[in-house]
Amino acid sequence: MSRAPAFPCSVPVHSRRPAARPRRRAPHAPIDSAVTPEVEIKLLHHDLWQRADWQGVTYLMNQTADEPPRLALNFNNGAAGAAAFEDLVARIGRNDPEGLLRITFIEGEVPGMLNPAYTLMLGPEVSKALPAVEARVGDAPTTNVKAFVVRIRPPTTPALARFKALYTRHGECLILPAQRGGTPDPHHPLGIWKRNLHFRSAHEISNDRWDPDAVALLP
């Protein structure tokens, strides 16, 4: 399986929370930063993830299908990858009970893609983060969402199809860090259980600032 290295992405979005008072500007109008500051929404430690150099994934599934699947994120720098997960666990816990981490699998071609691949994106769940942002800076701020995206080839694999089937069956999976080229530990102490993965087709994702996965469409 061929993998392209992950790259950090950001895309500006506006809150869709209903206004408490009439607005003087349209949702997509230029914003006076002195009145409405831009706020960065991020969950992953940018420097650690940059150093870790996320390169792709390994699917871990037993033959009897009696256990939830595992999703190992392969890092060129395994030590930095473990540190990135340690930081993430400190932020969201081992079970992400508030659903703060958004993980989206996107099948299909995205603009600017040179070779057929599917896309995996990790970033903040914007709908969960916006209330805290709005409480801090006011209603309907302009926000800049930070996420990491990796393109994985080939665009369809039996492993991905089986992973989706097992995830649907069990309703959860464990994501964990791994050294690229090594053997992932299916019981890694820094593994995080996720119960709200997203599976989408590229054609259903809008490239406007309202779609939570729009960042994955950036070339």
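Under the condition of being surrounded by fewer than 21 Cβ atoms within 10 Å (Cβ to Cβ) and touching a Gly at 6+ places or on another chain (Cβ under 6 Å), the residues counted in the stretch 50-90 number 0. Taking every residue in the stretch 164-184 that is in a loop (DSSP other than H, G, I, E, B) and pairing it with any residue that is hydroxyl-bearing (Ser, Thr, Tyr), at least 6 positions away or on another chain, the pairs with Cβ-Cβ distances below 7 Å are PRO184/THR58. Here is the figure for the stretch 58-93: residues that are assigned to a helix (DSSP H, G or I) and touching a residue at least 12 places away in the same chain (Cβ under 8 Å) total 13. Set side by side, the residues ALA165, ALA140, ALA147, ALA135 differ, and just one is of a type in the set (A, V, I, L, M, F, W, C), modelled with pLDDT of 90 or more and more than 19 Å from the chain's Cα centre (by Cα), which is ALA165. When the stretch 184-215 is filtered for residues that are more than 19 Å from ALA84 (Cβ to Cβ), of a type in the set (Val, Ile, Thr) and at pLDDT 95 or above, nothing remains. Of all residues in the stretch 40-49, exactly one satisfies the criterion of being buried (at least 19 other Cβ atoms within 10 Å of the Cβ) and in a strand (DSSP E or B), namely ILE41.
The values are calculated or read from the model by the stated rules, or taken from the named source; none is laboratory data. Quick caveat, the model's predicted, so the values are computed rather than measured. Backbone-built Cβ (ideal geometry, glycine too); neighbour counts: all protein chains shown.
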